[in-house]
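Working notes for the structure below.
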Amino acid sequence: MKQVFLFFGLSLLMGTIAVFALCGYDTTAISHAAPVEAATSHPTTPFAEGCSKCHGTEPAYQEWKQAGHSHALVNLIEGPYEVQTSCLSCHSSGYEVFSDRVYPGHTYNIETAVNAVACSSCHSHNSRSESLLVKPAKKLCVNCHKMDCGCAGAGIVHQSQSEMFLGREGAGVKRMPSPHVRAMKKRCVHCHMAKEDPETVAQHGGHTFKADFSVCSTAGCHDSADNSMETKLPQYRAEIEAKMQAVKTMLDAAPNKTSQAYLDAKLNYDMVKGDSGYGLHNIPYANALLDYSLSLKSALE
Ligand code: HEC
Ligand code: HEC
Ligand code: HEC
Ligand code: HEC
Ligand code: HEC
């Protein structure tokens, strides 16, 4: 009886090894993955994107190469925070594709990641949409640019442009999308990719994704003397900064820093601060958030 069990056990073991060999669980494949220092796109790894082969001389590629998205992986690795594999879902392309569900044996993690926020985060030749986008323009940026990165506990608070622009997630204030949400079909893309000449490599707009205030004065928008952003922005900014100072003084003085009122007041403050320092993407919402925080004054004492 014993021998039968022994035989059975042995064949099970051999079988398992054979199955692993057949499935190609070849761990040496991982060593193809390049070291991360050339994190934009590494020519010697099969996991690099390869878009530059055909698109390398176009303005889109040239603009991307010199701007923030192409540094996202290096900045993540060199940043002050503890890095988890989940950070790669926004700081690197290929997180889904190269996970070991799809490529058995190739574990996609911070050691093996080679792409920054590269072309394939937003484009695919398999897409049927305009500009071969993987998601409609209006949904593309908010996917990554959100305050809650799902990395609770990692000690990092991301910026709040999406929440501010869409006017949500704040405490005690009803939803209040920026007036631009309705006026701009492509939302973030409308301002951050605006570009005068599609044929030249831009210093802002296009694939640099850098907006500046010149987009405000586009014909038909803030282009007359009485609604010019040049005069209005400093006024908005001064008004909001004064309120922020008042909220900060109130938060600093609060004896109980764990009460719900304190957490609500602080959330609203952090949201405004996390959006260019003063709630640039939605001034009315920024005012409402800070007003609500100030209304909690007596609850904080
Ligand atoms: C073998 C060459 C080749 C490679 C590699 C390649 N492309 Fe293309 N791509 C083309 C051609 C050809 C077109 C169609 C011509 C055009 O519109 O420029 C095109 C079109 C596009 C467009 C649409 C351009 C527009 O004007 O709407 C995008 C976006 C794009 N490719 C992205 C990518 C991305 C992202 C990669 C890498 C994952 C990639 N391509 C890899 C050849 C290539
Ligand atoms: C796959 C996730 C992802 C998507 C999609 C994405 N971003 Fe980013 N973006 C990032 C990360 C990560 C950074 C930080 C890069 C760094 O380390 O400086 C960043 C940085 C930026 C910056 C700062 C640029 C700089 O040069 O410092 C702007 C502006 C920006 N993104 C706008 C956009 C816009 C507009 C869209 C939509 C068209 C978009 N992003 C889509 C992840 C993303
Ligand atoms: C963060 C998202 C994002 C990334 C990363 C990105 N693109 Fe785009 N790309 C877009 C969007 C959005 C558009 C459409 C712009 C519009 O509709 O105004 C676009 C348009 C294009 C076009 C059409 C013509 C043009 O220049 O507007 C080409 C070509 C292109 N991208 C190539 C690339 C290549 C090559 C890369 C990698 C170097 C890349 N893109 C990286 C979002 C992205
Ligand atoms: C939901 C998408 C998302 C996830 C997940 C995410 N990030 Fe980010 N991260 C961003 C975007 C977008 C930016 C650029 C704008 C900002 O600061 O919010 C950024 C910026 C950063 C920066 C500043 C980069 C610079 O300019 O120097 C650091 C550092 C960072 N993230 C670390 C992390 C770490 C660590 C994790 C994982 C624990 C992580 N991120 C997870 C989207 C994300
Ligand atoms: C109405 C035009 C407009 C829209 C729409 C818009 N932005 Fe902005 N954004 C700006 C301007 C202007 C700045 C400030 C640039 C400066 O300081 O020069 C900015 C700043 C930023 C920054 C900080 C850039 C940096 O260098 O640190 C990020 C990130 C950003 N926006 C992301 C977004 C995202 C994500 C969306 C969509 C949810 C969006 N923006 C929608 C105009 C716009």
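Any read-out appearing in this document is the output of simple, stated calculations on the displayed coordinates, not a laboratory observation. Please read these numbers as outputs of a predicted model, since none were measured by experiment. In this analysis, Cβ positions are derived from the backbone assuming ideal geometry, glycine residues included, and neighbour counts consider all displayed protein chains.
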(message) Just to check I understand the Karplus step: with θ = phi - 60° and J = 6.51 cos²θ - 1.76 cosθ + 1.60, what whole-Hz values come out for region 85-93, glycine and proline as x?
(response) 4, 5, 4, 5, 4, 10, 9, 7, 8
(request) May I ask you to evaluate 6.51 cos²θ - 1.76 cosθ + 1.60, the Karplus curve with θ = phi - 60°, for each residue of region 217-224 and list the ³J(HN,Hα) values in order in whole Hz, giving x for glycine and proline? (result) 8, 3, 3, x, 9, 8, 10, 10
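Could you give the dipole magnitude of region 38-138 about its Cα centre, charging the beta-carbon of Lys and Arg +1 and that of Asp and Glu -1, in debye to the nearest 20? Present the calculation step by step, with values, prior to reporting the outcome.
Working: 6 positive and 9 negative charges, 64 e Å.
That gives region 38-138 a dipole magnitude of about 300 debye.
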(request) Work out the charge dipole of region 42-151 with +1 on the Cβ of Lys and Arg and -1 on the Cβ of Asp and Glu about the Cα centre, then indicate which of N109, C144, L132 is farthest towards its positive end. (result) L132
(request) Work from the charge dipole of region 191-293 (Cβ charges, +1 for Lys and Arg, -1 for Asp and Glu, about the Cα centre) and give the residue of P284, L233, A194 farthest towards its positive end. (result) P284
(request) With a cut-off of at most 10 other beta carbons within 10 Å, and DSSP calling the residue loop, which trypsin sites (Lys or Arg not before Pro) in region 129-189 qualify? Please list them. (result) K174, R175
(request) Please list the non-local residues whose amide H lies under 5 Å from the amide H of H123, H modeled 1.01 Å from N, same-chain partners needing a gap of 5 or more. (result) V134
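Run the numbers for S131 and C221: contour at 0.36 nm per residue of separation, minus the present Cα-Cα distance, in nm. Before the final figure, lay out each step's value.
Working: separation 90, 0.36 × 90 = 32.40 nm, distance 2.61 nm.
Taking 0.36 nm per residue and subtracting the Cα distance, the gain is 29.8 nm.
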(request) Pop out the ³J(HN,Hα) list for region 198-215 in order, Karplus 6.51 cos²θ - 1.76 cosθ + 1.60 with θ = phi - 60°, rounded to Hz; leave Gly and Pro as x. (result) x, 7, 9, 7, 8, 8, 9, x, x, 8, 7, 6, 8, 8, 9, 6, 5, 5
(request) Please work out the C-alpha center-to-center distance from region 253-286 to region 109-180 and express it in whole Å. (result) 21 Å
(message) Please compare each pair in K210/K232; K146/K248; K186/K266; K53/K185 to a cut-off of 26 Å on the Cα-Cα distance and tell me which ones are over it.
(response) K186/K266; K53/K185
(request) Using only the alpha carbon atoms of region 97-145, find the Kirkwood hydrodynamic radius as the inverse mean reciprocal pair distance, in angstroms to one decimal. (result) 12.5 Å
